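The values are calculated or read from the model by the stated rules, or taken from the named source; none is laboratory data. This one's a predicted model, so the numbers in the text were calculated from it and none came from an experiment. Glycine gets a Cβ as well: all are built from the backbone with ideal geometry, and neighbour counts include every protein chain shown. Heavy atoms of the whole protein, side chains included, go into the accessibility calculation; ligands, DNA and RNA do not. Shrake-Rupley method; radii C 1.70, N 1.55, O 1.52, S 1.80 Å.
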Amino acid sequence: MKIFRGVFDIYIDGSIHVAFAVFCLLQNTIISNHLVSMDYLAFCVFFGTVLGYNFLKYFEVFRKGFFGSNKYYAIIIVSVLAGVGFLFSFYTLENRIQKLLFFSGLFVLIYPFLRRYGWLKLFLVSFVVTFITVYIPFQTLKWVPFEFYIVLIQRFFILTSLLIPFEIMDSKTDEKILNTLPQLFGINNAKLFGIVLVIPFIILEFLKQNPSYLVLPIGIVTVLFIDFTEWKRNKYYTSFWVESVPILWWLMLVLFQ
């Protein structure tokens, strides 16, 4: 049991789970909009997410040499392997896709400098993930349909909603100067903001020619996760369960679409 817990923690702390979630968001876009499958882009996004998240989470730890547990050595191994996978898959992509991914990578680099603006950090993360999982895959088309703009707005809204539980959970340890949404407006108002964004996420779906009713259960699950977010929840509430919503969405599309 202890070994299983250790492996599971590496899976979570090594950003593998969140990378799988972002991978699923990309696949959701491809499946829902009948785009050409792009395996190398999907792998590149997966490995790049592991690399990017670990860079942001552990940069200070590695820079200062604070290796207090074997967990950090395992994370280094995971990050190195992800780096190799990223470089290989990135090399196989078209030049224009490489440029778009490079552009999104710049936002990862400036992210640490925006942490003092907590409210902006939330929208930056939503923007970058939306750019990677919606904007880039649609660039394979010769012309962009109207539904592209619907999906773009939908994805930004649902991602922002899903980040609200993280904002609330982090607010108990965040410095006051960060001015995150829960700090500025209170936890209940932050929850309300996240829940309200789910409404246009669902409504916009029915402006499409072939709407998917799967947005309804995804919206409901998101609202429930936001509503039940409390400080007393352990880290797995957000880092595993909330991050599993895109994975659930992908599974439902594979099974029922």
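Here residue 78 passes the criteria (1) surrounded by 13 or more Cβ atoms within 10 Å (Cβ to Cβ); (2) modelled with pLDDT under 90 except the one numbered (2). Right, residue 141: in a loop (DSSP other than H, G, I, E, B), surrounded by fewer than 15 Cβ atoms within 10 Å (Cβ to Cβ) and among the aliphatic types (A, V, I, L, M) or not? Yes; evaluated as a whole, the condition is true for this residue.
Residue by residue, here is whether (1) in contact (Cβ under 8 Å) with a residue 60 or more places away in the chain; (2) farther than 18 Å from residue 160 by Cβ; (3) open to solvent by 30 Å² or more (accessible area, probe 1.4 Å) holds:
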| residue | (1), (2), (3) |
| --- | --- |
| 188 | no, no, yes |
| 193 | no, no, yes |
| 201 | no, no, no |
| 210 | no, yes, yes |
| 217 | no, yes, yes |
| 220 | no, no, yes |
| 234 | no, yes, yes |
| 247 | yes, yes, no |
| 255 | no, yes, yes |
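Filter region 14-58 for residues that are in a helix (DSSP H, G or I) and modelled with pLDDT under 90; which is surrounded by the fewest Cβ atoms within 10 Å (Cβ to Cβ)? It comes out as 39.
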